[in-house]
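Let me begin by presenting the structure, written as structure tokens, before commenting on it.
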Amino acid sequence: MSKPIKQIHLAAHFPGVNNTTVWSDPAAGSHIEFASFAHFARTAERAKFDFVFLAEGLRLREQGGQIYDLDVVGRPDTFTVLAALAAVTERIGLTGTINSTFNEPYEVARQFASLDHLSDGRAAWNVVTSWDAFTGENFRRGGYLAEQDRYDRAKTFLRTAWELFDSWDGYRIPADKESGVFLSDPKAGAFEHRDRHFDIAGRFNVPTSPQERPVIFQAGDSDAGREFAASSADAIFGRHSTLGPGQEFYADVKGRLESYGRTGEDLLILPAATFVLGDTDAEAAELAVEVRRAQVSGQTAIKFLEQLWNRDLSGYDPDGPLPEVDPDVSGDSISKGRAADRMYRDRIAVAREYREEAAAKRLSIRELMIEKTSRQSFIGSAETVATQIDDLVQADAADGYILVPHITPGGLDVFADTVVPILQERGRFRADYEGTTLREHLGLGTPRKAAGTQTGAGAGTSAEAASEATAVPVGAL
Amino acid sequence: MSPDPLLHLAVALDGAGWHPAAWREPDARPEELFRGRYWADLVAEAEDGLLDFVTIEDSFGVQSTDFNEVDDRVDQVRGRLDAVLTAARAAPATTHVGIVPTVVASHTEPFHLSKAIATLDYAAAGRAGLRVQISAKPYEYALIGRRTTEPVRLADINTAEVQARIADHFSEAADYVEVVRRLWDSWEDDAEIRDAATGRFIDREKLHHIDFEGDWFDVRGPSITPRPPQGQPVVTALGHSSIPYQLIARAADVGFVTPHDRAGAAAIVAEIRREQEFAGRASDTVHVFGDLVVFLDESTQAAQERRARLDEAAGEPYTSDAYIFAGTPSELADLLADWRHAGLTGYRLRPAALPHDLTRITRALVPELQARGLFRTEYQASTLRGHLGLPRPANRYAAVAPAAAPAAV
């Protein structure tokens, strides 16, 4: 049985505020100036990518009670950058992570509907939530949310936003100068949503946008998160960029679609992936090692280890052996504003494994952390990387990848210039845009056709995917 | 404040223009009110006229002629896009004109808005501001559901109870501006050091918690976004009475006021200057702009006829909080030149219809003012603060070297 050849989807993630981004490289530019974002988005658009992706930050990270200063720190406002990018690009999708906890549905729906209008149908929302009091200190509502309410509120948030997006019911404003009827339906935008999380009603004041609803991304990996994605998301910002785990995740999530009346094409699986390109595979491999060493300096290795040990290890030599002392499991996490500590369910056991592995392989702290934190997803010549990506997509490990360069803003250029033409040559990636909206790039239908199955469906949410969940040392980025 | 020989000029953009029937004019583009291109074109036109800045109106609720309820009218523009995002969409297409979106303090997070305006300032390379607005409408409160408010009847506006509520709204707005401003300063300008030798990207001693505690919100900080290019983007507010005048005097760089004659303008300016002194800001530049709705045509008669035609289309005479001017650009220039003697430093003109009255401002009024030596003939600065003669302010959190203090103003 011959399987149809899949077209690859490609997207680009603006380098984040974690150690994946190598700011010390002489080629590294600003993470704040708009010119960096414009360069990045234009490069992605030149390469006919589906979309660019921006993460969000709502509180600067701290470790040991101090602002973490070894990685890139600071970033602009997600919505505002995306709207400005709409002015300097024409086709590329504009995807932003926006937290549901420290916002109200009416405002977020208004912002996404506005962005979709201003970009002529290119908006997408990666829905995340968090509940830490640390981040809540910057907001009116504070951070407290009872545990049983966390997922429920986020899920309800999205459902409420959908009700707002749908409140104009696809209605197009006639604006008939002759008859003087601007709006023939005086109730357009009427909505009412009353539950224990949101008690709101009135008129949504943004008419139906070109995509009707922004494309919805989900980034969680838990069972509840997968179920939510299967019921409600258009795409998953995934974390499994290798063959085995990728296929497993892909089959699992796509297998859940049928019970929601959806097919495999209704939900795209797009893992984040890093890359190192060279003229030859050997050169790329060598460069990849250099990049890893730049990403995990001695200081960074100690900081990573502190996140696991949950204690001050500043006295340890990164080029020496691992600490004999056990992790501190008694107190609060010393690391604030990242999802890392939630990953360590049993610090003592993980520390034991680390010590054993370091001893067996004779690794220093830094060498071990270079091993334990993720290596790059794709390493090789352009030809090799193109083949790796194509093979993975055809093997149903993914529908495409969200590429995360390690240099801002030019790190994507080499991929655009060398890998993309090969994939286009092979007929695996579009030579030009065929549609104008992001839904069209992604091959997604009109959302409201599926409204019956989407609104109100689903269990769980992308709750564990905090805006910086990807920044954990054992994570994908 | 030393008198500036030149007037400052801004335009207030709202939908198809300020007259409710403006969308029916032959050159109106009502089908494009929700397109990015429409707004980018209007802002570019303002830049062609060398204007100081544009403001972009906003509200959480749908437009309504009734203060307390949605009116269900079908003959006027209803619906609008988020003003901050509209501003961001217009920013990269222009290079000089300031861009000042409205932000609704009553329903939004100062933390989000501070970084949004800082980001707009980066996208516009130093041309961002904000116009802070309160929302007291019950139907807007119901969109958020966080709290409720009672309807206000115009007849009760001067009762102690309503005045107390208004004072609360503006007190919240004042706190909001304070938080937004502190967050802009929460990174010192040279906080990003990229010091390869020590491995540190920032000098964390130059990042500051703002630790704001107030009646409506507490905000810890620092901002997620570094200090914007202007240091402090320009803060503006519209006021019609003493309570908002206090906000203007205490917290704003530009106040918009609505006098209906020269004497009225003088009284308002005097009140704001007094409040400014009480607030200890006597030496700060606080611009007071007169707001005017304008119908501009080649002849006085043509302007008045157009106004009458629009009123007829609307089915009622247009009224406004601001003085309504209908006449020639030359007559308007006379008025602007006259009222400035009351102490107004500039004007925010509300075009009755777009694009007509905007292009009459940029292509006829501006040359008229230039010919009289009252308006710039080219941009002298590239930032909004620069256009307004506002120096880039020192950071409130930066350690001042003893020798350098007190800072020159």
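No lab work stands behind these numbers, since they all come straight from the coordinates. Quick caveat: nothing in here was measured; it's all calculated off a predicted structure. Because the Cβ atoms are built from the backbone with ideal geometry, glycine has one as well, and the counts that use them run over all protein chains shown.
Report the GluC sites (Glu not before Pro) located in the range A:54-101 that are in a DSSP loop and have at most 15 other Cβ atoms inside 10 Å of their Cβ, or state none.
Numbers: sites: A:Glu56, A:Glu62, A:Glu90; in loops: A:Glu56, A:Glu90.
Sparse-neighbourhood loop GluC sites (Glu not before Pro): A:Glu90.
Return the whole-Å distance between the Cα centroid of the range A:88-119 and the Cα centroid of the range A:182-209.
18
For the protein assembly as shown, what is the mean residue ellipticity at 222 nm derived from helices alone (per DSSP H run of n ≥ 4: -39500 (n - 2.57); sum divided by total residues; nearest 500 deg cm²/dmol)? Mind showing how you got there, number by number?
Numbers: 28 runs with 301 residues, N = 886.
When only DSSP H runs of four or more count, the value is -10000 deg cm²/dmol.
Return the sequence-ordered ³J(HN,Hα) values of the range B:202-215 in whole Hz as given by the Karplus equation 6.51 cos²θ - 1.76 cosθ + 1.60 applied to θ = phi - 60°, using x for Gly and Pro.
Along the range B:202-215, the couplings run 10, 9, 5, 5, 9, 10, 9, 5, 9, 6, 7, 10, x, 6 Hz.
Pull up all non-local amide H partners of B:Tyr323: gap of 5 or more, or a different chain, and H-to-H distance under 5 Å with H placed in the peptide plane.
Amide H neighbours of B:Tyr323: B:Val293.
Remind me, relative contact order of chain A in percent, using alpha carbon pairs under 8 angstrom and six or more residues apart? Mind dumping the intermediate values first?
Details: 939 pairs, mean separation 126.6, N = 477.
So the answer I get is 27 percent.
Which aspartates and glutamates have a Cα less than 12 Å from the Cα of A:Lys6, not counting those fewer than 8 places away in the same chain?
Of all the aspartates and glutamates, those that pass the test against A:Lys6 - Cα under 12 Å, at least 8 places apart if same chain - are A:Glu265, A:Asp390, A:Asp391, A:Asp396, A:Asp399.
How big is Rg to Rh over the range A:161-267, alpha-carbon atoms, Rh as the Kirkwood inverse-mean-distance radius? The partial results should precede the final answer.
Working: Rg = 19.0 Å, Rh = 16.6 Å.
That ratio equals 1.14.
Sort B:Phe289, B:Phe170 by Cβ crowding within 10 Å, fewest neighbours at the top. Don't skip to the answer; put the middle values down first.
Details: B:Phe289 22, B:Phe170 26.
Neighbour counts put them in this order, fewest first: B:Phe289, B:Phe170.
B:Arg281 to B:Arg194: FRET efficiency via 1/(1 + (r/R0)^6), r the Cβ-Cβ distance, R0 56 Å, to the nearest 0.05? Could the numbers behind the result be given before it?
Values: r = 37 Å, r/R0 = 0.65.
For B:Arg281 and B:Arg194, the calculated efficiency is 0.95.
Given the protein assembly as shown, what percent of its DSSP beta bridges are antiparallel, to the nearest 5? Write down the numbers at each step before the final one.
Working: 15 of 85 bridges.
Roughly 20 percent of the beta bridges in the protein assembly as shown run antiparallel, per DSSP.
Can you give the mean number of other chain Cβ atoms that lie within 10 Å of the Cβ atoms in peptide A:169-180? The partial results should precede the final answer.
Details: counts 0, 0, 0, 1, 7, 3, 10, 3, 9, 1, 3, 9.
Mean shielding count: 4.
In chain B, what is the volume of the convex hull around the alpha carbon atoms, normalised per residue and reported in Å³? Show your work: numbers first, answer last.
Working: hull volume 63.2 nm³, N = 409.
Value for chain B: 155 Å³ per residue.
So how far apart, in nm, are the two label points at A:Asp432 and B:Phe67 if each is 7 Å from Cα heading toward Cβ?
If labels sit at A:Asp432 and B:Phe67, their model points lie 5.7 nm apart.
Largest first and in whole Å, what are the equivalent-ellipsoid semi-axes of the range B:35-140 based on the Cα gyration tensor, each being the root of 5 times an eigenvalue? Could the numbers behind the result be given before it?
Values: eigenvalues 134, 61, 20 Å².
Semi-axes (√(5λ), whole Å): 26, 17, 10.
On a full-extension model of 0.36 nm per residue, what is the gain between B:Glu205 and B:Ala337, subtracting their alpha-carbon distance, rounded to one decimal in nm? Kindly include the intermediate steps, with their values, before the conclusion.
Numbers: separation 132, 0.36 × 132 = 47.52 nm, distance 4.97 nm.
Contour length minus Cα-Cα distance gives 42.6 nm.
State, to one decimal in nm, how far the label point of B:Gln380 lies from the label point of A:Ile348, with both points 7 Å from Cα in the Cβ direction.
A separation of 7.3 nm, rounded to one decimal place.
Bin width 5 Å, origin at 0, all Cα-Cα pairs of the range B:122-240: what percent of pairs per bin?
Calculated P(r), rounded to whole percents: 2, 9, 14, 16, 16, 13, 10, 7, 6, 3, 2, 1, 1, 0.
Could you pull out every residue, at least 5 positions away or on a different chain, whose amide H is within less than 5 Å of the one on A:Ala273? Hs are placed 1.01 Å off N in the peptide plane, and Pro or chain starts have none.
Those lying under 5 Å, H to H, from A:Ala273 are A:Ile402, A:Leu403, A:Val404.
What ranking of A:Ile8, A:Ile407 emerges when the number of other C-beta atoms within 10 Å of each C-beta is taken as an exposure proxy, fewest first? Spell out each step's value before the answer.
On the way: A:Ile8 23, A:Ile407 19.
Sorted ascending by nearby Cβ count, the order is A:Ile407, A:Ile8.
For the range B:286-337, state which GluC sites (Glu not before Pro) are in a DSSP loop and have at most 15 other beta carbons lying within 10 Å of their beta carbon. Let's see the in-between values first.
Values: sites: B:Glu298, B:Glu305, B:Glu312, B:Glu331; in loops: B:Glu298.
Hits after loop and neighbour filter: B:Glu298.
Three principal axis extents, largest first, for the C-alpha atoms of the protein assembly as shown, in Å?
Dimensions of the protein assembly as shown along the principal axes of its Cα atoms: 90, 72, 52 Å.
Straight-line reach from A:Lys155: which lysines have Cα under 23 Å away, leaving out those fewer than 8 places along the same chain?
The reachable lysines, counting only those whose Cα sits under 23 Å from A:Lys155, are A:Lys254, A:Lys449.
Suppose we keep just the DSSP beta bridges with both residues in chain A; what percent of those would be antiparallel, to 5?
Around 25 percent of the beta bridges assigned by DSSP in chain A are antiparallel ones.
Read phi for every residue in the range B:157-169 and hand back ³J(HN,Hα) as whole Hz from Karplus 6.51 cos²θ - 1.76 cosθ + 1.60, θ = phi - 60°, with x for Gly and Pro.
4, 9, 5, 4, 5, 5, 4, 5, 5, 4, 4, 4, 4
So which aspartates and glutamates can A:Lys303 reach, going by Cα to Cα under 13 Å and dropping same-chain residues fewer than 8 places off?
Cα-Cα hits under 13 Å: A:Glu62, A:Asp69, A:Asp71, A:Asp312, A:Asp317, A:Asp341.
Quick check on the range A:284-395: what are the equivalent-ellipsoid semi-axes from the Cα gyration tensor, as sqrt(5λ), descending, whole Å? If you can, show how the numbers build up before the last one.
Numbers: eigenvalues 185, 56, 33 Å².
Equivalent-ellipsoid dimensions as semi-axes: 30, 17, 13 Å.
Counting DSSP beta bridges in the range A:175-239, what percent are antiparallel, to the nearest 5? Please list the in-between numbers first.
Numbers: 6 of 8 bridges.
Percentage antiparallel, nearest 5: 75.
Between A:Gln299 and B:Gln301, what is the FRET efficiency for a Förster distance of 51 Å, r being their Cβ-Cβ separation, to the nearest 0.05? Write down the numbers at each step before the final one.
Values: r = 76 Å, r/R0 = 1.50.
After rounding, the FRET efficiency stands at 0.10.
Once you have the alpha carbon radius of gyration of chain A, what is it after dividing by 2.2 N^0.38 Å, with N set to its residue count?
Numbers: Rg = 22.7 Å, N = 477, 2.2 N^0.38 = 22.9 Å.
Expressed relative to 2.2 N^0.38 Å, the Cα Rg reads 0.99.
Would you order B:Glu69, A:Glu104 from fewest to most other beta-carbon atoms within 10 Å of each residue's own beta-carbon? Write down the numbers at each step before the final one.
On the way: B:Glu69 13, A:Glu104 24.
With the sparsest Cβ surroundings first, the list reads B:Glu69, A:Glu104.
Wrap a convex hull around the Cα atoms of the range B:66-113, take a quarter of its surface area, and give that in square nanometres.
With every direction weighted equally, the projected area is 5.3 nm².
Can you give me the relative contact order of the range B:8-404 as a percent, contacts being Cα pairs under 8 Å and 6 or more apart? All intermediate terms of the calculation are to be shown ahead of the outcome.
On the way: 760 pairs, mean separation 82.2, N = 397.
About 21 percent, as a whole number.
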